[in-house]
Amino acid sequence: MPFEVTNVERRRDAAAGAPPLLELRNVSKAYGHVSALSGVDITVGAGEVVALVGDNGAGKSTLLKAIAGVHQITSGEILLDGERVEMASPTDAARLGIETVYQDLALCDNLDVTANLYLGRELRVRRIPFLDRVRMEREAAKVISELASTVPNLQKPVSALSGGQRQAIAVARAALWGSKVVLLDEPTAALGVAQTRMVYELVAKMRDRGLGVIVVTHNMADAFATADRIVVLRLGRNAGEFTPQSNTPDQVVAAITGSDTIR
Ligand SMILES: Nc1ncnc2c1ncn2[C@@H]1O[C@H](COP(=O)(O)OP(=O)(O)O)[C@@H](O)[C@H]1O
Ligand SMILES: [Mg+2]
């Protein structure tokens, strides 16, 4: 199972100057006459969290969807471990170890936690058409205890859980199946302070496992608290890269709005 992959080797590779885990080179995407991305470059290392920020319409969701195989890029290249990849669908991306948490979470409310973790990827008892519920329960319990220990009961339908717990399940599902890259689009937009902290603890755990993570966020405090690097998009183009160590939120906001005045 992808969850079992250890990332020690990948970290070693990074230290030895191997290519970044994920790299977008000169990526453009047009929807008909609308240019959503123009010549965007971005890299994400193994064990790195990149916050992707920008105003509404800057192209953040389009960028995630291109990496997730939802949209095909118009030009440019996407490389995984230094190899060019073509993704015609989210299934292709999933096969490469890329998972996405969308804003609407895509959970099935009537199903319980275990069923949601294995949605579309149910384990089967060998050669007979029964689900291996025992094994799924066992694996789900392991994932939840490690990544989302505040989720109380795996047999509850997820409709009975809080917003933060539901978000934790969606993120845990991505961590369960994503062996390389996890993409999160505004994961805390609907959450309170404590729940937001829980989601960002999950993000930190994914980083510790050696995954590359891209988080789209509007919240500067979140970006500064959780990201190793902050990449700004403006009108579909790269508009600066910042680190929490060397930069201030004001500098990032100036890049987002295109104003130099508050620098
Ligand atoms: N499916 C679509 N069809 C046409 N235009 C789109 C579509 N999705 C996004 N766009 C346009 O692409 C640009 C970037 O949008 P988006 O990636 O959603 O930005 P963000 O997530 O940063 O707000 C915007 O001008 C938006 O209107
Ligand atoms: Mg968006």
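The values are calculated or read from the model by the stated rules, or taken from the named source; none is laboratory data. These numbers come from a predicted model, not from an experiment. Cβ coordinates were reconstructed from backbone atoms using ideal geometry, including for glycine residues, and neighbour counts include every protein chain displayed.
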Of the criteria (1) surrounded by fewer than 20 Cβ atoms within 10 Å (Cβ to Cβ); (2) under 15 Å from the mean Cα position of the chain (by Cα), which one Asp185 fails: (1)
Pairs returned, first residue in the range 180-197 that is farther than 14 Å from Thr217 by Cβ and part of a loop (DSSP other than H, G, I, E, B), second residue that is at pLDDT 85 or above and within 12 Å of ligand 2 (Cβ to nearest atom), beta-carbon separation under 8 angstrom, 6 or more apart or interchain, are none
Just to be sure I understand, how many residues within the range 143-159 are modelled with pLDDT of 75 or more and exposed (fewer than 13 other Cβ atoms within 10 Å of the Cβ)? 3
The one condition Asn56 fails out of (1) within 16 Å of ligand 1 (Cβ to nearest atom); (2) in contact with a strand residue (DSSP E or B) (Cβ under 9 Å, 6 or more places away or on another chain); (3) under 28 Å from Asn219 (Cα atoms) is (2)
How many residues are of a type in the set (Val, Ile, Thr) and away from ligand 1 (no atom under 16 Å from the Cβ) if we restrict to the range 164-216? 9
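Per-residue answers, yes or no, for (1) more than 16 Å from ligand 2 (Cβ to nearest atom); (2) under 23 Å from Thr62 (Cβ atoms):
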| residue | (1), (2) |
| --- | --- |
| Val193 | yes, no |
| Arg197 | yes, no |
| Tyr200 | yes, no |
| Arg207 | yes, no |
| Val213 | yes, yes |
| Asn219 | no, yes |
| Gly240 | yes, yes |
| Val253 | yes, yes |
| Ser259 | yes, no |
